[in-house]
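Here's the structure we're looking at; comments come further down.
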Amino acid sequence: MSFELECPIDFKKVNENKVRLTALWVLLVVVLFVYTRWNVLIALLVVDFTYRAFEFDAYSLLNKLSDVVIFLVKIPAKPIDQAPKLFAAKIGLLFTIAILASTYTSYQTTTIVLSGILIFFAFLESFLGFCAGCYVYTFFQKILK
């Protein structure tokens with residue numbers, strides 16, 4: 001039995017280095033949230049993921065921060081298809097909404113578990129260039145067929 005990934009494709013390109021740097025900012029913000037419990041941090045991520053998930057990247061604070069670092073450090077662009085990253089941003093949006101909801105409903109264990117999962121996937125993307133979105137997408141495609 002073979003396993004073949006079915007990643008979404010839209011033939012629009014984004015800079016993989018920028019995506020990975022943005023994932024690092026997500027990781028740092030969620031770690032800071034876990035440490036401080038400042039709900040505003042997760043609320044800001046909800047807004048930022050919304051912008052990125054629905055292609056309003058120009059309004060994303062984390063993307064702007066990544067642009068500045070890329071410009072200052074002169075990190076070269078590495079084109080990659082944007083569709084898997086949009087799908088991953090939508091999953092990130094769902095996670096941050098769930099984290100915010102669990103925080104406001106005092107489900108602390110759920111908040112920590114969801115935050116840990118988001119940290120883990122942001123780490124994978126940022127440091128290893130591993131996008132779990134394709135695996136999730138493939139899983140859903142197989143279920144829906």
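The values are calculated or read from the model by the stated rules, or taken from the named source; none is laboratory data. Model, not experiment: these values are computed from the prediction. When we count neighbours, we look across all protein chains shown, and the Cβ atoms used for this are built from the backbone with ideal geometry, even at glycine.
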Matching residues in region 8-23 (free of Cβ contacts under 8 Å to residues at least 60 places away in the same chain and either charged (D, E, K, R) or in contact with a His (Cβ under 9 Å, 6 or more places away or on another chain) (or both)) number 1
Taking region 100-130 and keeping only residues that are buried (at least 19 other Cβ atoms within 10 Å of the Cβ) and either under 14 Å from the mean Cα position of the chain (by Cα) or without any contact (Cβ under 8 Å) to a residue 60 or more places away in the chain (or both), one is left with Ser102, Thr111, Leu114, Ser115, Leu118, Phe121, Ala122, Glu125, Ser126
Filtering region 57-74 down to residues that are surrounded by 12 or more Cβ atoms within 10 Å (Cβ to Cβ) and either modelled with pLDDT of 95 or more or under 13 Å from Val26 (Cβ atoms) (or both) yields Tyr59, Ser60, Leu61, Leu62, Asn63, Lys64, Leu65, Ser66, Asp67, Val69, Ile70
Is it fair to say Phe95 is aromatic (Phe, Trp, Tyr), surrounded by fewer than 18 Cβ atoms within 10 Å (Cβ to Cβ) and either more than 16 Å from Glu6 (Cβ to Cβ) or touching a strand residue (DSSP E or B) at 6+ places or on another chain (Cβ under 9 Å) (or both)? no
